[in-house]
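Taken together, the values in this text are just the output of simple stated rules run on the coordinates, not laboratory data. Not measured: the values here are computed from a predicted model. Here the Cβ is made from the backbone with ideal geometry for all residues, glycine too, and neighbour counts use every protein chain on show.
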């Protein structure tokens, strides 16, 4: 039998129902039998009393699916049973919330954010896409936070559906990194994934116009240059770029032209303190385009001949003097840059060098690929030039 109490009771108000007197306590928002222990028709103070007044929701209404739940004319506390979900929902004044019932299986990512993202310093946006599923069918809400909260590397727009658009700053002073944490919750459980976000600005590799007795270089701008050679020289035939960036650095060089099928150029790294170099100079390692071997020493690699459109990959560490080479994302020589290299030059600043490995005259064109123009992935622990 339903017990109907007066609507809008005041504190201390009493009412008698079925021979039992109840007193309303506004702090506890409940009616209590008075005196305790009084009983009538099987009701006593130990019974659970449901308060029914104009502030409470109505009874339970059944619906075939959640899509049929009414979005208006509801009262806070209204209850609904959704048949296809076999679940109860309550109206919270603005939306229907599914009620927890029985054992809960935690939600999980179906599309997870990557562990790291490198933002495009030209201002092109990056989208972080996430998606989660809840086995119980609870609706999922997505959000994010960042550390530090005052990061200046990017502005972030939350689309509300698990996608986050990061638009990087184009100001050099905003270079740096922050942690982005994507989050999802079903109202009971939450999951998150942290991603490292970095913004760096590339530096061009510049070959100033220069020449020696066997070769010359013309700077074409935008990381490009033309190298002309007439003969090789064992000790002093190399021409040099300006100092390269310091640290653990990665960049690429694309071959744009080799003239009349002449593959005799050499390209490599040398300490900035060196006054001159040739293909036999100790401490200056170069790739020979004819066979992909490394000089000095004619060190055999698996690169093979270096031709037009090939991309030479170069990594170096100015703190240790170590250098690594690769071609077209094959196998690194002497090993992956995450390991120590047996190719070592002097520590400190270094330069990119070019020289001829053959006696036939030829012209070559090259483009250095840095920053967002890289073809292949940056080795772990390195940054682009």
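What the table below lists for this structure:
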item: Relative counts (whole %) of C-alpha pair distances in the stretch 239-385, using bins that are 10 Å wide; result: 12, 46, 37, 5, 0
item: Relative contact order (%) - the stretch 210-384, alpha-carbon pairs under 8 angstrom, separation at least six; result: 34 percent
item: Percent RCO, i.e. relative contact order, over the chain, from Cα pairs under 8 Å lying at least 6 residues apart; result: 12 percent
item: Sorted by Cβ density within 10 Å, fewest first, the residues 204, 136, 95; result: 95, 204, 136
item: Distance between modelled label sites at residue 97 and residue 116, nm, 7 Å Cα→Cβ extension; result: 4.1 nm
item: Approximate spin-label separation residue 183-residue 145, in nm, with each point projected 7 Å along Cα-to-Cβ; result: 0.5 nm
item: Ranked 332, 31, 109, criterion: other C-beta atoms within 10 Å, fewest first; result: 109, 332, 31
item: Segment residue 319-residue 203, extension gain: residue separation times 0.36 nm, minus the distance between their alpha carbons; result: 39.8 nm
item: Burial ordering of 254, 98, fewest other beta-carbon atoms within 10 Å first; result: 254, 98
item: Two-site label geometry, residue 361 and residue 257: point separation in nm, points 7 Å out along Cα→Cβ; result: 1.6 nm
item: Max mean-square fluctuation residue, GNM over the chain, Cα-Cα springs under 10 Å, options 168, 208, 70; result: 70
item: nm² value of the averaged projected area, convex hull over the Cα atoms of the chain; result: 29.2 nm²
item: The stretch 76-223 - convex hull of the alpha-carbon atoms, volume per residue in Å³; result: 155 Å³
